[in-house]
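Here's the structure, in structure tokens; my notes come after.
The values are calculated or read from the model by the stated rules, or taken from the named source; none is laboratory data. Please read these numbers as outputs of a predicted model, since none were measured by experiment. Glycine also receives a Cβ, built like all others from the backbone with ideal geometry; neighbour counts cover every protein chain displayed.
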Amino acid sequence: MKKVLLSILSTAMIVPAFAFISGEKAEPPVDAKQAQAKAVMGNVYDSYVKIIPYVYSTNYSSWDFSRQKDKKELLKNLNDLSLFFKSAKHADMFQRPGFRPSLDTINEHLEETIISVESNNYVFAQKRLNVLGALCVSCHSQLPESVSKNAFGSNIKQEKRELFDSDFSYANYLYLVRRFDDAKTYFNKALDESLSHSEKRAGPEVLASLRKIISIDTKIKFDYDKANAFIIKWEKDNRLSSFDRKMITRWRSNLQTWKGFNPASATFLREFIDKNLTPLDMKKEIVFSGEDDINLFVSSGVLLNYLVVHPDSELAPEILYWLSKIEHKMSQSYFFSLGDLYLKDCIKKYPSSAYAKKCYQEYADSIESGYSGSSGTDIPPEEKRELVKLKNLLK
């Protein structure tokens, strides 16, 4: 990436999120400790931007770690990123429920990513890097517009498309920095480009772009009319696979139940959960047909927004449990589900909660099924140690 991108993000995206992330009034002028945290976050973003080509690239042919110079540069940036996160322990925002991962979680993930790169495991390395971007997005996408504009508004100059290897990569960058309208434009371009090539029509970019766009209109903006218009447009596009068209048709049916919904009305969270999420908990199988996607997107947005406004809510462990269920049902990746990270946070942060036990069982089941459903016979030793560690936290 060009140096201009580094300088812009290092100065613009380092706004001290811990000062405004709760949606409350901004704190008084930063003291020395806050200024230090701001500098740390600037270093984090400097390092992250340097690995963006790897985070979003789908061109595996360019991933030749036999070129020691490329491998060495990537490892340096990853180690720098890990080092800067480890030095950010005083940034309280990382410990807020819903603003995951915690510092421990992201540093564990970075260590595993570094191991994948060192061992020349291209596929795992890219998957882990992609999840790293998703972890950042999971925080950025839940910030209310009223507070995010101070960090992701005019302070950030929109980078030019030519700095990225594809419309899809650029769209993901725009999504990360909350330029949602621009992100939708480039996700649509990525869709058109992919669908113009028959060999790409069933590619991962198509499904990912469709889901990112609908997530902006439902989970983030709660804009029924735009979501409906998007569905109508793509539902008629014969270039999509039959599976994708059926999925979008299910979106249209599901979206109708949310017509007229005002997210501000979801103040009675228990009633909202009982109505919209408890019935889904009865569906034990993980289905990617799109039948419940809109429910899951909207519910995720409501839960995350609730945690922004009520970070100390006694419902926090239950919300983390439901966020994990949503992520597991929405995940298209066999490994590295964000849902597992929500479950681990639920256990670590609220070990005395009744939901901590439910979160542990969900996590244990997820790990077991993730390793061949073998009743634990193929679970790596480090994962077994993690399960024991988490179980011992329960009270």
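Looking only at residues in segment 223-243 that are assigned to a helix (DSSP H, G or I) and small (Gly, Ala, Ser), the one that is surrounded by the fewest Cβ atoms within 10 Å (Cβ to Cβ) is Ser242.
Restricting attention to segment 163-183, does a residue exist that is surrounded by fewer than 18 Cβ atoms within 10 Å (Cβ to Cβ), modelled with pLDDT of 85 or more, closer than 29 Å to Arg239 by Cβ and not polar (S, T, N, Q)? Working first, answer last.
Taking segment 163-183 as the starting set, the residues that turn out to be surrounded by fewer than 18 Cβ atoms within 10 Å (Cβ to Cβ) are 163, 165, 181-182.
Next, only the ones that are modelled with pLDDT of 85 or more stay: 181-182.
Next, only the ones that are closer than 29 Å to Arg239 by Cβ stay: 181-182.
From what is left, the residues that are not polar (S, T, N, Q) are 181-182.
Among the residues of segment 163-183, at least one is surrounded by fewer than 18 Cβ atoms within 10 Å (Cβ to Cβ), modelled with pLDDT of 85 or more, closer than 29 Å to Arg239 by Cβ and not polar (S, T, N, Q), which makes the answer yes.
Residues of segment 349-362 that are at pLDDT 90 or above and surrounded by fewer than 24 Cβ atoms within 10 Å (Cβ to Cβ): Tyr350, Pro351, Ser352, Ser353, Ala354, Tyr355, Ala356, Lys357, Lys358, Tyr360, Gln361.
What residue, among those in segment 329-348 that are of a type in the set (A, V, I, L, M, F, W, C) and modelled with pLDDT under 85, is farthest from the chain's Cα centre (by Cα)?
First, the residues of segment 329-348 that are of a type in the set (A, V, I, L, M, F, W, C): 330, 335-336, 338, 341, 343, 346-347.
Of the ones still in play, those that are also modelled with pLDDT under 85 are 330, 335-336, 338, 341.
Details: Met330: 11, Phe335: 14, Phe336: 11, Leu338: 7, Leu341: 11 Å.
The qualifying residue farthest from the chain's Cα centre (by Cα) is Phe335.
Quick check: anything in segment 317-328 more than 16 Å from the chain's Cα centre (by Cα), of a type in the set (Asp, Glu) and at pLDDT 90 or above? Within segment 317-328, one or more residues are more than 16 Å from the chain's Cα centre (by Cα), of a type in the set (Asp, Glu) and at pLDDT 90 or above.
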